[in-house]
Structures are given as structure tokens and as C-alpha cells.
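Below: one structure, written as C-alpha cells.
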Amino acid sequence: MLATTASALDLSVHYLRQDISPPPTLSNLDPVPEDLGLAGAQLGLEDNTTTGRFLGHKYELTITEVAEEGDLLSAARAALAETPYLLVDAPAEALLAIADMPEAAEALIFNVATGDVALRDGECRGNLLHTLPSDAMRTDALAQLLVKKRWTDLVMISGTYPVDTAYAEALRNSLTKFGLDLEAEKTWAFDADMRRNAAQEVPLFTQEFGDYDALLIADEVNDFGRYILYNTWEPRPVAGSEGLSPRTWSPVVEQWGAAQLQSRFTEAAERGMAPVDYAAWAAMRSLGEAVVRTSATDLPTLRGYILGDTFELAGFKGRPLTFRQWNGQLRQPIPIVHPRALVAQAPLDGFLHQRTELDTLGLDAPESACTAFN
């Protein structure tokens, strides 16, 4: 229930990021912003502060960045000594190590940067929530569009990095879930300079696929996918990590008031809003919404409200966002875009669910092995 009288409340949040060097790729056209995620959290802080100013609420955000070879657990321990509320940008293994620390037993940690499905499944933790969609949510969104388009004859090229193989596995599972099959697969293992050779190499590489409806790309590090477009032996749609892509967020999302969020972010960060920025913003706003609605800042109250039936976050995606009570994942629509425009937004019409159509994306309760939220 919304508080009817203002009361002075302070909420401190800590953003913890481990700086992992990206793998080498064929092109440097996609540099990782130095403030990736941080800028989203800062915008969420500003939004919380704007509302809190009228209610006597104050919000504070502390940022700690740890080098790849640094002591992330020590940094987490120091952060938890100051606040139980953490936003963490770190690999899955590091996230689990933080969540399993004794100091984190009475904490609420938001995963803003990894889509690892296992974190929402058998490796879930009761103190770990996810504002970034899982890989499965994104690939389920694409599979729904493939069904709608009647693109059923599918082939795939996947990279060799762990994030590529994880995305490829999520694609396979999503195709099976929605009654589709892969007719053929190939692994991209070229080390040649495709900036010069793509027009010669890619047609030969894709020739043996024969005819098909769409080519799926699993290239989450933005290595080779750009060179596949318009160079395939058969002129067919490309989807997945490249071409027609399911994204957490994209600068081309402009409906449902999103243009206003986009413009505020661009003005503040001098760049477009990326998926990790959106996830960090959503985590900050989830905490701010909980404080406003409960007039409290203690962990049991905020956690209970965020995971409760009445929590809703206005996320500029056309419908309220809520958390799944069985694994801590933020439900949200998934835009399917190309670099210039929004093509569709999943869940698509016709994909029904007894609870909410948003639960057609990602692990549903019967599919998840998570028991930490029981």
C-alpha cells in the first residue's frame, strides 16, 4: 500500500563490477563502454531520487570496480558491511561465490549482467534476483517469431566462446520447446581477416546448408556474425546474435514511453542505452519502487514486497514487470529488433499461458529446478 504520509528513509545501494577483458574479435566496431551498467544504475538512482525528494527518501549509490585478477570477494565483503543491497556485474561463477558468502545470507543481490540459465535453474540462490533476462528468455522470444513467420527450415552457425556455446544451447532448447528443429549446424572457427575475405569465404562456408528458411547465428561476442549478413550462398534471413535479434533493450525501442527513457539516458551518458544499462536501471528502480510502496528500507520488507503479488515496475515495455517467485527472474517482454527498427515484441499473440503470457519466455515454474525460493 502506498504510504499516505512522508517519512524520512535512507537507502544505500552498492554497485560491484568485475572488469573482465573481452575476448579478441575480428572487428573493433563494438567497443564496450567504460560505464556500461554503471550509467544505467546512475539513471535509476536519479529516478528514485526524483520521487524520493517529495517523500523525504534519500538514495545513495556506491560503485566499486575490481580488476579481473582482483579480489572480488573482499570487495563484496566490504560492500555488504555497508548495505545488504548489491547490484553485481560479474560472471556466473563469481555471482554464486558472492551469494554463498556468510555475509550475504541477509542480503539482496541483483544480477544485472549474465544471462546464464543455470542461475535461474538448479544453481539459483534465494538472495539472488535477475533483472537481466536469461538467455532462454531471449531465444524463446526469437523462436516465437520463427513460428509466426513459418520459418521452420532452420540452420545455425555458432562461435566457440563459452557465451556463444551457451546461447547456441539456449537456441536449440527454444526451438524444441516451440516445435522447431535445426536441419544443420556448423561451427565458426576461422582466424582469417574476414574484413577482406568474407565475400569469398562465407558463401563457400554456407553453401552446403543448401536451401533453408532462416540462418541462426550464435555469436554473443560480436566476432563473426556481421560478416555473415548478405554473404550467404542462399539469400536468406539471418537471426539470433546478428540480424533479427532478441534484445533486453535497444535504442530502437521507442514505444510505451521508451523514447523518453532513451533520451534521458543519452543525455546523461552520451551514448545509447545497452541491455546491461537497462538491467541495472531496473534493479535500482525495483528497490526504489519497493521503498515508496512499503515506506521501509529493511531487507525482509523490501524482499517480500519485490517478490510479492502486488509488486509492479513500469519498465517502458508495454506492460508491468514483475519477479518470478520461483527463481527471482524479472518477467519482461523481449524486443526483437534489427539495427534500425523494432520488428516485434515477445510474447507474441497466440502464445498463451495460464498465469501470464510473459511466462512463455524462459523457464516456467514446472521447468525450473530452483528450490531456493520455496
Outside any loop (DSSP other than H, G, I, E, B), free of Cβ contacts under 8 Å to residues at least 60 places away in the same chain and under 30 Å from A279 (Cα atoms): which single residue out of T160, T176 fits that description? T176
Only one of Q262, Q354, Q325 is at pLDDT below 95 and either outside any helix (DSSP H, G or I) or under 23 Å from V88 (Cα atoms) (or both), namely Q354
Criterion first (of a type outside the set (A, V, I, L, M), open to solvent by 50 Å² or more (accessible area, probe 1.4 Å) and either more than 30 Å from K317 (Cα to Cα) or at pLDDT below 95 (or both)) does Q207 satisfy it? yes
Search result, residues across region 224-281 that are in contact with a Phe, Trp or Tyr (Cβ under 6 Å, 6 or more places away or on another chain) and among the β-branched types (V, I, T): T248
Please find, among L352, L302, the residue that is at negative phi and either touching a residue at least 12 places away in the same chain (Cβ under 8 Å) or under 22 Å from the mean Cα position of the chain (by Cα) (or both). L302
Extreme residue, farthest from G225 (Cα to Cα), among residues of region 357-369 that are surrounded by 15 or more Cβ atoms within 10 Å (Cβ to Cβ) and not charged (D, E, K, R): S368
Could you tell me whether L72 is touching a residue at least 12 places away in the same chain (Cβ under 8 Å), of a type outside the set (F, W, Y) and touching a strand residue (DSSP E or B) at 6+ places or on another chain (Cβ under 7 Å)? yes
So which residues in region 235-248 are within 9 Å of V337 (Cα to Cα) and not in a strand (DSSP E or B), if there are any at all? G243, R247
Of all residues in region 333-351, which are open to solvent by 40 Å² or more (accessible area, probe 1.4 Å) and under 13 Å from V147 (Cβ atoms)? D349, G350
Across region 305-332, what is the total count of residues that are open to solvent by 20 Å² or more (accessible area, probe 1.4 Å) and either in contact with a Cys (Cβ under 9 Å, 6 or more places away or on another chain) or among the hydroxyl-bearing types (S, T, Y) (or both)? 4
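The values are calculated or read from the model by the stated rules, or taken from the named source; none is laboratory data. Just so you know, these numbers come straight off a predicted model, no measurement behind them. Using ideal geometry, Cβ is built from the backbone for each residue, glycine included, and neighbour counts are taken over all protein chains shown. SASA here: full protein model, heavy atoms, side chains in, ligands and nucleic acids out. Shrake-Rupley method; radii C 1.70, N 1.55, O 1.52, S 1.80 Å.
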